[in-house]
Amino acid sequence: MTLNRPYTFELAAMALADPGQQDDIKALAERNGVGPNHFERAVLIVTAIGASGERIEDFVRREYILDGWLHGYLPLDASPNGTSLTTWKLGQFAEAHYRS
């Protein structure tokens with residue numbers, strides 16, 4: 001399976017939001033094909049993004065949008081500013097793409 005990069009960042013963001021659950025989220029990541037090295041690196045990247053002042057939620061959502069455009073599971077005319085493209089919905093599109 002090809003690495004679903006936005007999903008990896010989403011899991012890293014979840015781990016940072018609730019540090020007490022980091023081991024469980026890391027285990028979930030591994031069960032879903034994200035290796036421990038990728039997960040740990042994603043945590044470091046998301047930490048740096050947050051430290052820069054950017055909202056981590058915005059970063060993760062943008063990663064899904066860019067990935068969707070690049071891999072064709074999101075139409076190029078989809079508006080990144082629209083409220084209908086939630087991170088959850090984008091994650092579902094990505095999941096369907098990477099599982100196929």
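Some notes on this structure:
- When GLY91 is tested against (1) within 18 Å of ASN32 (Cβ to Cβ); (2) without any contact (Cβ under 8 Å) to a residue 24 or more places away in the chain, just one condition goes unmet, and that condition is (2).
- Taken as a whole, the condition of being surrounded by 13 or more Cβ atoms within 10 Å (Cβ to Cβ) and within 12 Å of ASN4 (Cβ to Cβ) does not apply to ALA78.
- Residue among ALA27, ALA48, ALA13, ALA42 that is closer than 14 Å to LEU3 by Cα and assigned to a helix (DSSP H, G or I): ALA42
Every number here is computed from the coordinates shown, using simple stated rules; none is lab data. The structure presented is a predicted model; accordingly, all values stated were derived computationally and were not measured. All Cβ positions, glycine included, derive from the backbone under ideal geometry; neighbour counts span all protein chains shown.
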